[in-house]
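Undergrad: Sharing a structure here in structure tokens format.
The values are calculated or read from the model by the stated rules, or taken from the named source; none is laboratory data. Everything quoted here is computed from the prediction, not taken from an experiment. Quick reminder, even Gly has a Cβ in these numbers, built from the backbone with ideal geometry, and neighbours come from all protein chains shown. The protein model used for the area step is the full one, side chains on, heavy atoms only, and it has no ligands, DNA or RNA in it. Shrake-Rupley method; radii C 1.70, N 1.55, O 1.52, S 1.80 Å.
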Amino acid sequence: MTRRISGDEQRSAVRLVLRTLGTFEGSSETANGERLGRFGPGKPLSLLVYLAHSPNRGAPRDHLVELLWGDVDTEAARHALRQTIWYVRRVLGSGVLETDGDVVRLSAWCDSDAHDFIRAIDEHDEDKALALYTGDFLPAVAIPGGAEFERWADLERLRLRSVFTRTAEARVLHYLGRGEARLALPLARRARDADLADERLWRRLLEVHLAAHDVVGAAVDADALEHQWRAEERELEATTRALMRRARHPTSTDEQSEATATAVATLVGRVSEFSALTAAWDEVQRGGRARHLHIAAPAGLGKTRLLSDFRLRLRASRSRVVLLRANPGERSVPYALVSSCAQALAVLPGAAAIAPGAANVLVQLNPALSSHFPEARGTPDVSDPLHHRTVAVRELAAAVSDERPVALLVDDLHWADRESLAVLSACAGDFREARILLVTSARGSARQWFAHHPNELSLHPLDVRAIAELVASLGQLPDEPWAGPLPALLHGASGGSPLIVFELLQLASDRDLLVARDGQWRCDNVDCLLAMLASSD
């Protein structure tokens, strides 16, 4: 039961306690610990949480109306907001919410688990941060008429989840480095469970299972991973499949086999595409105008590897480069990819030069950007969010590329959300003064997403010569009868897919049929190797 506190009580006497990680609830108490009331999921608590996370802990009334009462007309929505403010003040005291002109501001002292989590990260207290993160931010929140609030919560949820998984993975590596795999196991599982769409976190969990000699757990999680990826029609990376094979068929450590599994081959068969990317970058540097190239290829033909090598090339020359990758787990979250794009660009020099209106739009798009634009309120005109966000991202790109050009690489575009694709397409078609090289990659032609027809690079399967070069980059082929036909056999079994070539080499290594030792390939059972390649599907 709630107690009404008198009007002459000071705002400092009220302490809000917001619990938003893994739950959605709030409570209030006086300075001496007396419980005043409890808030469950609903619009009063949603209002308090949003204000607590807003820059300067305030927002205009019109923005709050659009945020939480988008399903009714303006007058009814403004009346509902007034009633909600009255109710909060009645329960917590008149000093909890202030109005400054048209701005509603949270003025009570607030204890928020989400804020405590980020503060612990900033103070490098990882143990405290990991203990505080008890689940997703506002899990499964659904507010009638609050579609905009739900979108904001989605982005905040992704941001906090990403901070948690990075912190957890770093601590897992710390435990593994000390030989404490059993301590790492529950934390690795928590990180994986927090983001089931992140293949890297699945790999880390399998590694911890193997280090802890947890044979049953490793096999169970390998099966779960394969089932989920098959259901989503996704391709597992070669390193992931290698770990899955080890998880399902644990054997004694074979250092030579592990060396083959972790070896990185030279990028082969992509000289013309790499040259086209380099030439486009040189043109942007010399001419100062934007360029857009799109890499199209089916899964497994090396789009990600090509972008990664190009990024390394630019970083080696101290160029400004940003690499993003669309995540299939965020495909249903509006503006998820463009939010990540804005955050990546905002850390570059020159970002502070954008207009205040654009800064407001970007902070509303991604509240984490308030640290880069401290004067922004995050409360732009929401009448046409797609248009405003497109203009703001375009202005941000122009600002960060004013002094030095920037390469923006976007991988796996086919997994991007619809709204981000619309913003990216509009920006790419009219970057205006931005000195940007935009390189996108996807499993389909650029015509599916872009109306301005960028230069398209189509990756084709490797030929026999390229496969021979790939094999040679991992180990020298001996002058023996079986070695000469090997590239052609790999080509026939893989269809020229570099991903499948790696899979075949790994499979042969796992079966001790083909092993790279001292920089040279060795085969101790030619007949079995040939039979394996002939029967591969």
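Undergrad: If you take Rg/Rh (Cα atoms, Kirkwood Rh) from the coordinates, which of (1) 1.04; (2) 0.99; (3) 0.96 do you get?
TA: Entry (1).
Undergrad: Also: Would you please give the FRET efficiency between ALA531 and VAL215, computed as 1/(1 + (r/R0)^6) with r the Cβ-Cβ distance and R0 = 25 Å, to the nearest 0.05?
TA: Values: r = 29 Å, r/R0 = 1.16.
The formula returns an efficiency of 0.30 here.
Undergrad: Next question. Which one of PHE450, ALA280, TRP152 is farthest out on the positive end of the charge dipole of the chain, using unit charges on Cβ (Lys, Arg +1; Asp, Glu -1) and the Cα centre as origin?
TA: Farthest along the dipole direction, towards plus: TRP152.
Undergrad: If I stretch the segment between VAL72 and ASP100 completely, what's the gain in nm (0.36 nm per residue apart, minus their alpha carbon distance), one decimal?
TA: Details: separation 28, 0.36 × 28 = 10.08 nm, distance 2.48 nm.
Computed gain between VAL72 and ASP100 is 7.6 nm.
Undergrad: Can you give the accessible area per residue of the chain, in Å², using a 1.4 Å probe? Present the calculation step by step, with values, prior to reporting the outcome.
TA: Values: 24780 Å² over 537 residues.
That works out to 46 Å² per residue.
Undergrad: Quick one: pull the percent of accessible area on region 15-149 belonging to carbon and sulfur, 1.4 Å probe, ligands and nucleic acids left out.
TA: Numbers: 2740 of 5810 Å².
Within region 15-149, the accessible surface is 47 percent carbon and sulfur.
Undergrad: Let's see if you can work this out: charge +1 on each Lys and Arg Cβ, -1 on each Asp and Glu Cβ, no other charges. What is the dipole magnitude of region 357-474 about its Cα centre, in debye to the nearest 20? Don't skip to the end; give the middle numbers.
TA: Working: 10 positive and 15 negative charges, 21 e Å.
Once rounded to the nearest 20, the dipole reads 100 debye.
Undergrad: Still on this model: Share of region 353-487's accessible area from carbon and sulfur, percent, 1.4 Å? Walk me through the numbers before you get to the answer.
TA: Values: 2830 of 5790 Å².
Answer for region 353-487 is 49 percent, counting heavy atoms of protein chains only.
Undergrad: Where does each of 146-153, 46-53 land if you order them by average Cβ count within 10 Å, highest first?
TA: The densest-packed peptide leads the list: 46-53, 146-153.
Undergrad: Measure off 7 Å from each Cα along the Cα-to-Cβ vector at ASP309 and ALA80, then give the distance between these two points in nanometres to one decimal.
TA: It works out to 5.6 nm between the two label points.
Undergrad: With +1 on the Cβ of every Lys and Arg and -1 on the Cβ of every Asp and Glu, and nothing else charged, how large is the dipole of region 83-194 about its Cα centre, in debye rounded to the nearest 20?
TA: Working: 16 positive and 19 negative charges, 91 e Å.
Roughly 440 debye for region 83-194.
Undergrad: Using a simple charge model, +1 on the beta-carbon of Lys and Arg, -1 on the beta-carbon of Asp and Glu, nothing else, what dipole does region 50-93 show about its Cα centre, in debye to the nearest 20?
TA: Details: 6 positive and 5 negative charges, 76 e Å.
Result for region 50-93 is approximately 360 debye, rounded to the nearest 20.
Undergrad: Just name one of VAL333, ILE121, CYS110: the one whose Cα is farthest towards the positive end of the charge dipole of the chain (beta-carbon charges, Lys/Arg +1, Asp/Glu -1).
TA: In the chain, that residue is CYS110.
Undergrad: Do the sum for the chain: with -39,500 (n - 2.57) for every DSSP H run of n ≥ 4, divided by all residues, what is the mean residue ellipticity at 222 nm, to the nearest 500 deg cm²/dmol?
TA: Details: 21 runs with 272 residues, N = 537.
Roughly -16000 deg cm²/dmol at 222 nm, from the helical runs in the chain.
Undergrad: Suppose each label sits 7 Å from its Cα in the direction of the beta carbon; what would the ARG200-SER458 distance come out to in nanometres?
TA: According to this spin-label approximation, the distance is 3.3 nm.
Undergrad: I've got another one for you. How much accessible surface does THR134 have with a 1.4 Å probe, in Å² rounded to 10?
TA: Using a 1.4 Å probe on the heavy atoms, I get roughly 100 Å².
Undergrad: Okay, moving on. Within region 135-155, name every residue whose backbone N is under 18 Å away from a label modeled 7 Å from Cα of ARG19 along the Cβ vector.
TA: Label zone hits: 135-141.
Undergrad: Per residue of region 331-346, in order, report the coupling 6.51 cos²θ - 1.76 cosθ + 1.60 (Karplus, θ = phi - 60°) as ³J(HN,Hα) in whole Hz, putting x for Gly and Pro.
TA: Couplings: 5, 8, 9, x, 6, 5, 5, 5, 5, 5, 4, 4, 5, 5, 6, 5 Hz.
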